[in-house]
Structures are given as structure tokens and as C-alpha cells.
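Peer 1: For reference, the structure I am asking about is given below.
The values are calculated or read from the model by the stated rules, or taken from the named source; none is laboratory data. Model, not experiment: these values are computed from the prediction. Backbone-built Cβ (ideal geometry, glycine too); neighbour counts: all protein chains shown.
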Amino acid sequence: MANVNLPNGFQPVLPTNISQPKITEYVVAASQTIAKGDAVILHTDGTVIVATATSSGLLGVAASACASATAGDKIYVYDDPEQIFEAQVAGAIGRTSIYTTATSSACYDLVATTGGMYVNDSGTTYDIFKIVGFPDRNYFNKNAVNDLDSAYPRAYVKINKHLLRPGQI
């Protein structure tokens, strides 16, 4: 059965020994629209803005949403550099990708569409995400297998270039 093309951003995956992922409150920049699951970065003034496909490093992933933010509005962010997320990948990835992204020089880029971000397996310019594994089941249909040889599979990813990881950016 083919995978569903329905990117929904980055969803935190919890290890068995943790009941809640690390979430930190930040001030969001005015006029920002950020969906839960969107990748975010720090603006030069210290506020949070939505990431773009050309962002060179991420703060994390939005744990809450905001629409047309005003000055001083707050947003919650999954900002642990070791947090693993589940996300859609653009193309057929195959299980070999977990081995080809073992180093930080062989990682993937971001497709940045608010509310529907996903991993660009054709882009390796910015090396933002590293694939660390694959779920067995399809995110939207738990009875369907996550087909890695078809377009739009799901993968477990870590932020490779994280602003809070020492020496990364």
C-alpha cells in the first residue's frame, strides 16, 4: 500500500524512559504564523521565527502554534538537541539512508511550508536533519506498513544543526 502524502511537521518521539519531551517557552517575533510541528529558529533579536528551507541551524520544533503573533506573544518549543522527531520524507528513501546519514556531512534539508514541513531527501546543502531510524507503521494508518521504497515514507530524525548543541553552528 502506498504511503500517504500528508506532511504534518515534526512530531516528538518519546523514549520509553521519558514521559514528556523538554519544552521551553520563548518570545515569538511579531507577525509570525507558526504551526505546531514547524521547525523554528532564533531571529537576530532573540525572538523565535519560523524556519525556511535555507535556515542554517534550528532552535527546535514548535510545541504550540501562533497565528499573526503580536509583540511579546509566547511560543513553546521542543528545544532538546537530542530530541527525536517523526516526519515525512519527500521521496522513496530505502533503509540504507540510515547508514548514509551517519555523519553530519551526509544529512538532509528542510521543506518549509508552515503547517506541513518535511524532510527533503533530495537536498543536502544545509544538512539540517539526520535520519536515525524508521517507524514500522504508517503514521496515518497504523494498519499499513511504512513503505520505504515508495514516496512519502515516515522517518525518525534528529536535528543535525541545532543552535543549542555546542560546536554545531
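Peer 1: Is there any pair linking a residue in segment 57-70 that is in contact (Cβ under 8 Å) with a residue 12 or more places away in the chain to one that is of a type in the set (Phe, Trp, Tyr) and in a loop (DSSP other than H, G, I, E, B), with Cβ under 7 Å and at least six apart or on different chains, and which?
Peer 2: VAL61/PHE10
Peer 1: Condition test on LEU164, is it at pLDDT 85 or above and either part of a loop (DSSP other than H, G, I, E, B) or out of contact with any helix residue (DSSP H, G or I) (no Cβ under 7 Å at 6 or more places or on another chain) (or both)? Even if it seems obvious, please write down each step before you answer.
Peer 2: Working: at pLDDT 85 or above: yes; either part of a loop (DSSP other than H, G, I, E, B) or out of contact with any helix residue (DSSP H, G or I) (no Cβ under 7 Å at 6 or more places or on another chain) (or both): yes.
Considered against the rule, which asks whether it is at pLDDT 85 or above and either part of a loop (DSSP other than H, G, I, E, B) or out of contact with any helix residue (DSSP H, G or I) (no Cβ under 7 Å at 6 or more places or on another chain) (or both), LEU164 comes out as yes.
Peer 1: For residues that are without any contact (Cβ under 8 Å) to a residue 12 or more places away in the chain and touching a Phe, Trp or Tyr at 6+ places or on another chain (Cβ under 9 Å), tally how many sit in segment 1-49.
Peer 2: Going through segment 1-49 one residue at a time, the tally reaches 0.
Peer 1: May I pose another question? Identify all residues within segment 108-122 that are in contact with an Asp or Glu (Cβ under 9 Å, 6 or more places away or on another chain) and either buried (at least 20 other Cβ atoms within 10 Å of the Cβ) or closer than 21 Å to PRO81 by Cα (or both); write none if there are none.
Peer 2: Of everything in segment 108-122, those that are in contact with an Asp or Glu (Cβ under 9 Å, 6 or more places away or on another chain) and either buried (at least 20 other Cβ atoms within 10 Å of the Cβ) or closer than 21 Å to PRO81 by Cα (or both) turn out to be TYR108, ASP109, ALA112, MET117, VAL119, ASN120, ASP121.
Peer 1: If you don't mind, there's one more thing I want to ask. For segment 31-46, check the following and say yes or no: at least one residue is in a strand (DSSP E or B), charged (D, E, K, R) and over 20 Å from ALA90 (Cβ atoms).
Peer 2: No; the residues of segment 31-46 include none that is in a strand (DSSP E or B), charged (D, E, K, R) and over 20 Å from ALA90 (Cβ atoms).
Peer 1: Can you find a residue that is at pLDDT below 80 and out of contact with any strand residue (DSSP E or B) (no Cβ under 9 Å at 6 or more places or on another chain) anywhere in segment 118-139?
Peer 2: No; the residues of segment 118-139 include none that is at pLDDT below 80 and out of contact with any strand residue (DSSP E or B) (no Cβ under 9 Å at 6 or more places or on another chain).
Peer 1: Determine the pairs where a residue that is under 14 Å from ALA87 (Cβ atoms) and among the charged types (D, E, K, R), located within segment 123-151, has a partner that is at pLDDT 75 or above and not in a loop (DSSP other than H, G, I, E, B) with Cβ atoms under 9 Å apart, the partner being 6 or more residues away or on another chain.
Peer 2: From residues that are under 14 Å from ALA87 (Cβ atoms) and among the charged types (D, E, K, R), the pairs are LYS130/TYR108; LYS130/VAL157; LYS130/LYS158; LYS130/ILE159.
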